[in-house]
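All remarks here apply to the structure that follows.
The values are calculated or read from the model by the stated rules, or taken from the named source; none is laboratory data. Because the structure is a prediction, the values reported are computed rather than measured. Neighbour counts are summed over all protein chains in view; Cβ atoms, including those assigned to glycine, are modelled from backbone coordinates with ideal geometry. Only protein heavy atoms, including side chains, enter the accessible area calculation; ligands, DNA and RNA are left aside. Shrake-Rupley method; radii C 1.70, N 1.55, O 1.52, S 1.80 Å.
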Amino acid sequence: MLNIILMGPPGAGKGTQATAIVDAFHLPHISTGDMFREAIAQGTPVGLKAKEIIAAGNLVPDEITIELVKERLSRPDCEHGYLLDGFPRTIPQAEALDKLGPEIGRPVSLVIDITVPEEELIRRIAGRRVCPSCGASYHVDSMKPAVEGICDRCGHELIQRKDDNAESFAVRLQNYYASTQPLVDYYKEQGLYHCFDGMVGKANLEKAINALLEEQGQ
Ligand code: ADP
Ligand code: ZN
């Protein structure tokens, strides 16, 4: 069973790889970032709480995030596998998932971490454009869509995320090192951890991840 966690700093290419993985292996793509952005767009109670926190680059409180994922992971479409993108991001979130996963018969089977040097993360985030409809990511110089400003995948207009500015990015990176990085050792200890170099290029990275998933999915 492919019950996957995809992790990596902001700008590592999680979203791009997530899109490729879910298309290839027919898994539901569970991105907590996308779920929060949707909640904000719809003005739900969670959205109202998360809006300022996310714009500033901070993490949404664990209780709210864990509740959201619990509900989503329990839906029938996760029965044959799932891809978690951006969750867990803290040790308490990982512990909650370690409890929930087995409870619902859906324990995590592997963790994919994408690593990229900090200068490159800064470049990527500064030029990033995203599709608010399907979640696909582009870059103004190095990953242009076929038609400027339009999503290749679904035709929606692209936007720049509110938290993709220098100030919020610095906060996100700090939070990443302080709260998310410790998950590396956490999952190494469980024997679930797989690390990938995020500098090899989109297609090569996709190939490397694919090879692992094909082997694990047997
Ligand atoms: P990125 O990985 O590019 O920073 P995401 O789209 O994954 O972006 O997340 C955007 C924002 O949503 C995060 O900066 C954070 O504020 C919030 N968020 C997403 N996932 C979580 C999580 N698991 N726990 C807490 N906050 C989260
Ligand atoms: Zn799209």
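Side notes on the structure shown:
- Once the Cα-Cα distance is subtracted from the 0.36 nm per residue extended length, the Met199 to Glu52 segment shows a gain of 49.7 nm.
- Mean-position separation - Cα centroids, region 164-187 and region 82-155, in angstrom: 14
- Solvent-accessible surface of region 2-107, averaged per residue with a 1.4 angstrom probe and all protein chains in place: 43 square angstrom.
- Calculated FRET efficiency for the pair Gln174/Glu63, C-beta based, R₀ 30 Å, to 0.05: 0.85
- In terms of accessible area, using a 1.4 Å probe and ignoring ligands and nucleic acids, Met7, Met35, Met199 rank largest first as Met199, Met35, Met7.
- The 3J(HN,Hα) values that the Karplus relation (6.51, -1.76, 1.60; θ = phi - 60°) gives for region 190-200 are, in residue order, 7, x, 9, 7, 10, 9, 10, 7, x, 9, 7 Hz. Gly and Pro appear as x.
- Simple label model, 7 Å out from Cα along Cβ direction - Glu103 to Ile159, nm: 3.3
- Annotation: the antiparallel percentage among DSSP beta bridges lying fully within the chain is about 25.
- For region 82-92, backbone phi angles converted through the Karplus equation (6.51, -1.76, 1.60; θ = phi - 60°) give residue-by-residue couplings of 7, 10, 8, 10, x, 9, x, 10, 9, 4, x Hz, Gly and Pro being listed as x.
- Value of D in µm² per second that Stokes-Einstein yields for the chain, Kirkwood Rh from Cα pairs, at 20 °C (1.002 mPa s): 121
- Approximating the spin labels as points 7 Å out from Cα along Cα→Cβ, the Val184-to-Leu212 distance works out to 1.3 nm.
- For the chain, the fraction of 1.4 Å probe accessible surface lying on carbon and sulfur atoms is 53 percent.
- Between Phe25 and Lys70, the simple spin-label model (points 7 angstrom out along Cα→Cβ) gives 2.6 nm.
- Computed extension gain for Met143 through Arg123, at 0.36 nm per residue and net of the alpha carbon distance, reaches 6.0 nm.
- Annotation: amide H of Ala136 within the under-5 Å range of Cys131, sequence separation 5 or more or interchain, hydrogens built in the peptide plane.
- When you filter the GluC sites (Glu not before Pro) in region 95-191 for DSSP loop state and at most 13 other Cβ atoms inside 10 Å of their Cβ, you are left with Glu148.
- Greater than 22 Å apart at Cα, pairs in Lys14/Lys144; Lys14/Lys202; Lys14/Lys162; Lys51/Lys162; Lys70/Lys207; Lys70/Lys188: Lys70/Lys207; Lys70/Lys188
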